[in-house]
Amino acid sequence: MAMTKQEKLDRKAEQKYEQTHQRWYRMTAGDWVFEIINHAFFIIFTLLCIFPFYYIFINTISDNDLVRKGAINFIPKGIHIQNYVSMFNVNDVGTALMVTVGRTIFGTVLMVLASAFVGYLVTKQDMWCKKIWYRCLVITMYFNAGLIPWYLNMSMLGLTNSFWAYIIPGIVAPYNIILVKTYIESIPGELEESAKIDGASYMTIFVKIIWPLSKPILATIAIFGAVGNWNSFTDSLILMPDAPQLHTLQHKLYTYLNAASNLKNMMNSGAGTISGAAATNVLNAKTIKYTISMVTVLPILMVYPFMQRYFEKGIMLGAVKG
Amino acid sequence: MSKEKIADKLYIVLRVLYLVAFVLLFIPALNPARISDLIPKTASVFTCGTSYGTLTQNFARAFNKGWVGTLTLQMVFGGCLCIIIGFAAAGAGGCMSLGSNKLKKIGVIPSVLGGILAFAGCMMINWAATDIKGTPKPDRIVPMDPQNLTFYIVLCVAMVVLSVVIFFCLPKTEKGEKCYIETKFQLFLLLLPFLALCIVFAYLPLLGWRYAFFDYKSGDTLSMDNFVGLKWFTFLFENEATRADLVRVMRNTLAMSGLGLATSWCSMAFAILLCEIKNLKFRRFVQTFTTIPNFISWVLVYAVAFAIFSTDGFVSSMLINSGAIETGTNYLMDNSHMWIKMLAWGMWKGLGWNAIIYIAAISGIDQQLYEAASIDGAGRFQKMWNITVPSLIPTFMTLLIMAIAGILSNGMDQYLVFETPYNTDTITVLDLYVYKLGINGGRVPLATVVGMFKSVISVVLLFGANKVSKAVRGESIM
């Protein structure tokens, strides 16, 4: 991935920091002890963060009999991918995956479009009563009516047991609107003005100038929005009691981690689909739980290292205010 | 008074009517389409006109037996749809009224047509209501008089009449006059749909607070019959059981938030120590992998906990393999030190991520400070303690104040997933309690009361924190 100019500068500054530090600094015995302990601490903490995922992963690809006996702890044995294949043949996990992917894509796209547009609109000083409307949006970040009124409201709107409940409420996201607004305000106003003189309308300016220029911030909110959508679990749990086909992957995972009865059904249907093909690798309770966990976490594990800089940008933006 | 001024005044009335109409569409308690008890109590005009399935969800048997003709329900559905479209058209006319004189005149057309369409919708519902009364099984279908239908009709008529009157009050359009809307209203109209969404999903729930004053069970309607005033507020504190519950829940909430606050310096220490590592690649590696847990949901954290600590998880199988124990233990069922365990999971998830903001702050510290300190003979720890830490204190204070403002909101996901029958007593925090009380237990009014207290206290805390921040740092956090 190509580094941006800013990142190159950052890297340089970091290197300079290292050099100056080393120049002024001689290692004593105490320093050595500190260095070792410090490194050891971070190695251990990092391992604590990585190992559980590694452990779950090797257990999903190893021989299922060995897994059941608890023999797979550090090294995978008898590698196969049958678990994943059977998992996708089991109906409700496939459906849950579709629902989750669908809400992640739709929800994120709509949220980003709306945040960009509203973020742009609220930078316009000549809007009628702009301040009032902007306050209306921002205040909603600081208070909420509570879980029960929220639930009653959603059911009043007919959004229980409906896929739209995942999408519509998330479209207007005040926090993201503020982020976009702050970013747009940092874009030189001359660009917009010259376009205006050339006769461009607000929509044209938004599409041709603001949108392309604010892509970095939009990427950041998109990635946070996508992770939030992927991880959301409470809305599925509370709003979809009678629509199991609309449960998200996280909700399914929660159900499977908790309920034994589900597992039995699943083992039967799972075993049915792979009968004969790999009789040795029949799904068991443990592998089912681990495999769904892995399906749920893999997208994030795979995307995260590449998107890390956007994530880090996100938290730095957190300091902005309405 | 000149004609234009009359028109302006009337426009204000008309726009208020549009707003009322818009809100009415979403309130099930005032739904005129509820002509039978079988139509869900939670259905509003909007639901009835957009989802035929919801409207007829209880009618399968009635249709089969021929108690009610499908046409009747289709009329209700169509009527609601007409009302929705009619109000939408009228609203569009209302938007056009913000424009120039010519646009105002043109805008009268959708206003009038919309009013008439909505009126027709009301008539369709009225027809269906009379029709359903002729059902052979009145005890099953329970036909009802369409409440508020008169109000809807009055609304429609008022819209049409006002629009027509306005039309004649407006000055004549001159030749060559153009249709346009002033920039300030144009921008407002662009924002309007998003404002509406915001109002529907963030402000409308506040109406739900009224449930706290009623004796409400799921599916009931609110009427003066079950209005109980402040009964639930006093009940909460006078009833032995709920008071005990509340004390327990508050203890858990405050204890866990308090532990979180007491350990909030850890992420600062993490950042300082990480920045002491000279090898950039190693640092990068650590940073990448310690932040990942922040991006997985609590359900997945529970899945991780399950994989490591359950009966056949990693710890058990390691202990069995080494011969320390015979059969696996499910450590997740153990209810000792729950607060500490929850704190530990919170740290595992958040420590690396929370450190990032401090790492950024550290890289912003002026290097000359360190150089000067080195020349003066300061060692590594002295530099850390006397330069790095004081530079990070402002960031730390801001985050701490914000954390104090959120002391009641620990969220419910974490505690919901880690809850077992054995640890309920020590793990139930306020958010989880409200969920269990209201959604699982169906005690809506009581849960609403608890939620109200929480919301109000949180807002007060937030403003207090803001004040403190202003006084201490001269900077507000909001």
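Derivation of every value follows stated rules applied to the coordinates shown; laboratory data play no part. The model shown is predicted, which means the values in this text are computed figures rather than measured ones. In this analysis, Cβ positions are derived from the backbone assuming ideal geometry, glycine residues included, and neighbour counts consider all displayed protein chains.
Only Cα pairs under 8 Å and 6+ residues apart enter the sum, and on that basis the relative contact order of chain B stands at 14 percent.
Candidates B:214, A:218, B:256 compared by Cα position along the dipole of the protein assembly as shown: farthest toward the positive end lies A:218, with charges placed on Cβ. Here the Gaussian network model covers chain A, with springs between Cα atoms less than 10 Å apart; of A:203, A:294, A:27, A:27 fluctuates the most. Shielding value for A:137-145 is 6, the average number of Cβ atoms from other chains within 10 Å of each residue's Cβ. Distance between the pseudo-spin-label points of residue A:13 and residue B:158 (7 Å out from Cα toward the beta carbon): 6.1 nm. One quarter of the convex hull surface built on the alpha carbon atoms of region B:3-181 amounts to 10.3 nm², the projected area averaged over directions.
For the residue pairs B:65/B:436; A:286/B:454; A:181/B:105; B:41/B:65; A:130/B:175, the C-alpha atoms sit more than 30 angstrom apart in B:65/B:436; A:286/B:454; A:181/B:105; A:130/B:175.
Pairing the Cα long axis of helix B:280-291 with the longest principal axis of chain B, what angle in degrees results, from 0 to 90 and rounded to the nearest 10? Around 50 degrees separate the two axes.
Per-residue ellipticity at 222 nm from helix content only, as computed over the protein assembly as shown with -39500 (n - 2.57) for each DSSP H run of at least four residues, stands at -22000 deg cm²/dmol.
Under the criterion of Cα pairs below 8 Å and six or more residues apart, the relative contact order for region B:1-131 equals 22 percent. When the charge dipole of chain A is built from unit charges on Cβ atoms (+1 for Lys and Arg, -1 for Asp and Glu) and taken about the Cα centre, the candidate among A:298, A:205, A:9 whose Cα reaches farthest toward its positive end is A:9.
Using 0.36 nm per residue and subtracting the Cα-Cα separation, the extra length available between residue B:5 and residue B:440 on full extension is 151.0 nm. So if I take the centroid of the Cα atoms in region B:40-89 and the same for region B:5-27, what is the distance between those two points in Å? Region B:40-89 and region B:5-27 have Cα centres separated by 26 Å.
Would you mind getting me the FRET efficiency between residue A:65 and residue A:4? Use the beta-carbon distance for r and R0 = 45 Å, nearest 0.05.
Values: r = 51 Å, r/R0 = 1.13.
Result of the calculation: an efficiency of 0.35.
Residues of region B:334-377 falling in the label zone of residue B:397, defined by backbone nitrogen less than 16 Å from a point 7 Å along Cα to beta-carbon, are absent.
Restricting attention to region B:112-211, which trypsin sites (Lys or Arg not before Pro) occupy a DSSP loop and are surrounded by at most 14 other Cβ atoms within 10 Å?
Values: sites: B:133, B:140, B:172, B:175, B:178, B:184, B:210; in loops: B:133, B:172, B:175, B:178.
Within region B:112-211, the qualifying trypsin sites (Lys or Arg not before Pro) (loop, at most 14 other Cβ atoms within 10 Å) are B:133, B:172, B:175, B:178.
Looking at region B:384-457, which trypsin sites (Lys or Arg not before Pro) are in a loop (DSSP not H, G, I, E or B) and have at most 12 other Cβ atoms within 10 Å? Counting only loop positions with at most 12 other Cβ atoms within 10 Å, none of the trypsin sites (Lys or Arg not before Pro) in region B:384-457 qualifies. log₁₀ I(q)/I(0) of chain B at q = 0.05, 0.12 Å⁻¹, via Debye over equal Cα point scatterers, no solvent, to two decimals? Scattering profile of chain B, log10 relative to I(0): -0.35, -1.14. For the pair residue A:285 and residue B:326, label points projected 7 Å from Cα toward Cβ lie 2.0 nm apart. Rg and Dmax over the alpha-carbon atoms of the protein assembly as shown stand at 30.7, 100 Å.
When chain A is treated as a Gaussian network with alpha carbon springs shorter than 10 Å, the biggest mean-square fluctuation among A:247, A:80, A:39 belongs to A:39. Inter-chain neighbour count for B:106-119: the average number of beta-carbon atoms from partner chains within 10 Å of each residue's beta-carbon is 0. Unpaired Cys in chain B, meaning no second Cys C-beta under 4.7 Å: B:82, B:95, B:122, B:156, B:169, B:179, B:198, B:266, B:275.
Model label points for residue B:386 and residue B:147, set 7 angstrom from Cα along the Cα-to-Cβ axis, are 7.6 nm apart.
Given axes a ≥ b ≥ c from the Cα gyration tensor, I'd like to know whether region B:234-473 is rounded (a/c under 1.5), prolate (a/b larger than b/c) or oblate.
Values: a/c = 2.88, a/b = 1.32, b/c = 2.18.
Oblate is the answer for region B:234-473, as a/c is 1.5 or above yet b/c matches or exceeds a/b.
If you model region A:32-79 as an ellipsoid using its alpha carbon gyration tensor, with each semi-axis the square root of five times an eigenvalue, the axes come out at 32, 9, 7 Å, biggest first.
Using the Kirkwood radius over C-alpha pairs as Rh, can you work out the diffusion coefficient of region B:147-266 via Stokes-Einstein at 37 °C, viscosity 0.692 mPa s, in µm² per second?
153 µm²/s
Cβ-Cβ distance of residue B:60 and residue B:133, R₀ of 22 Å, FRET efficiency by 1/(1 + (r/R0)^6): the value works out to about 0.55. Suppose the Debye formula is applied to equal point scatterers at every Cα of chain A; what is log10 I(q)/I(0) at q = 0.06, 0.16 Å⁻¹? Results for chain A at q = 0.06, 0.16 Å⁻¹ read -0.33, -1.30.
Counting GluC sites (Glu not before Pro) as exposed when in a DSSP loop with at most 14 other beta carbons within 10 Å, what is the longest stretch of chain B free of them?
B:1-173
A DSSP coil position with no more than 13 other Cβ atoms inside 10 Å describes the following trypsin sites (Lys or Arg not before Pro) in region A:45-93: A:77. Computed from Cα atoms, the angle from the helix B:298-309 axis to the main principal axis of chain B rounds to 40 degrees.
Round to the nearest 0.05 the FRET efficiency obtained for residue B:189 and residue B:456 when R0 = 35 Å and r is the Cβ-Cβ distance.
Values: r = 35 Å, r/R0 = 1.00.
That gives a FRET efficiency of 0.50.
Centroid-to-centroid, using Cα positions, region B:425-455 and region A:87-127 are 29 Å apart. Considering only A:58, A:50, A:292, the mean-square fluctuation computed in a Gaussian network model of chain A, springs between alpha carbons under 10 angstrom, is largest for A:50. Ordering B:246, B:402, B:127 by the projection of their Cα atoms onto the charge dipole of the protein assembly as shown, which places +1 on the Cβ of Lys and Arg and -1 on the Cβ of Asp and Glu, puts B:127 at the extreme positive end. Peptide B:350-362 has a mean shielding of 2, counted as Cβ atoms of other protein chains within 10 Å of each residue's Cβ.
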